[in-house]
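Step one of this worksheet: look at the structure below.
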């Protein structure tokens, strides 16, 4: 995991910079204009997703090391991939962007809180020395919040140039994400089958069940079909790079805690694309 540990902060910062370049300050004010749909998505991802993950861990009697890895991926915000697949599914892209942006920014508080609470519940004690909730929050601020804000500032002062290149930045983010996971999987290629065996079942169930729960919750409370599609995909497609970064910061190079992230990353693309085809014709 040494290569992954070194490149994770760089790749994550580049991805978040790309996210910031695709944002306008209006993406945040939109939340105030249509609060209901936003808060349904926020509640689904920040509250229901970690609860579902925790319940599955108890039901499946998941080992503590795998369990904390599952909670790390459950705590992670959505990524740029969710914005792109929402567009493919004819969902509410503006809502997807708002959810990704806001949840990514507040993740510097929510992610450490969920993970350290989970570690206490599971009796995990081998957290890296001198690592605290505040320490992780500060590191996340540097590689998540600062690049997003920097990207937004650049866009504000170079709107004409940046706005015409948003699709390129989105594609670059996907490329960065793929490069990162190819590097991660190559470095741990001998353990890949073991990863899927150990964490594949719970991550598959978590991914599918959460997209379905979010979809039907949004169907009941959200304003329309486009919003249902968006919220379902936002809750199923997590920022795997951020999850790996957090895992390596807390547990060092111990690959065991990152196994669920790798398994989830493989699974979410397959199920996400299948879900897009399922949703595309919904109207």
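The values are calculated or read from the model by the stated rules, or taken from the named source; none is laboratory data. Note that this is a predicted model, so its numbers are computed, not measured. Positions of Cβ are backbone-derived with ideal geometry, glycine not excepted, and every protein chain shown enters the neighbour counts.
In this structure, is residue 142 over 25 Å from residue 35 (Cα atoms), at pLDDT 85 or above, out of contact with any helix residue (DSSP H, G or I) (no Cβ under 7 Å at 6 or more places or on another chain) and surrounded by fewer than 23 Cβ atoms within 10 Å (Cβ to Cβ)? Yes. Are any residues in region 216-226 assigned to a helix (DSSP H, G or I) and surrounded by fewer than 24 Cβ atoms within 10 Å (Cβ to Cβ), and if so, which ones? Once the filter is applied, which keeps residues that are assigned to a helix (DSSP H, G or I) and surrounded by fewer than 24 Cβ atoms within 10 Å (Cβ to Cβ), region 216-226 yields 216, 217, 219, 220, 221, 225, 226. So is residue 69 assigned to a helix (DSSP H, G or I) and either within 25 Å of residue 266 (Cβ to Cβ) or free of Cβ contacts under 8 Å to residues at least 24 places away in the same chain (or both) or not? The answer is yes for residue 69.
Of 83, 90, which residue is in contact with a helix residue (DSSP H, G or I) (Cβ under 7 Å, 6 or more places away or on another chain) and on the phi > 0 side of the Ramachandran plot? 90 is the lone residue from the list that is in contact with a helix residue (DSSP H, G or I) (Cβ under 7 Å, 6 or more places away or on another chain) and on the phi > 0 side of the Ramachandran plot.
Here the condition is being part of a helix (DSSP H, G or I) and modelled with pLDDT of 85 or more; of 248, 241, 271, 261, it holds for 271 alone.
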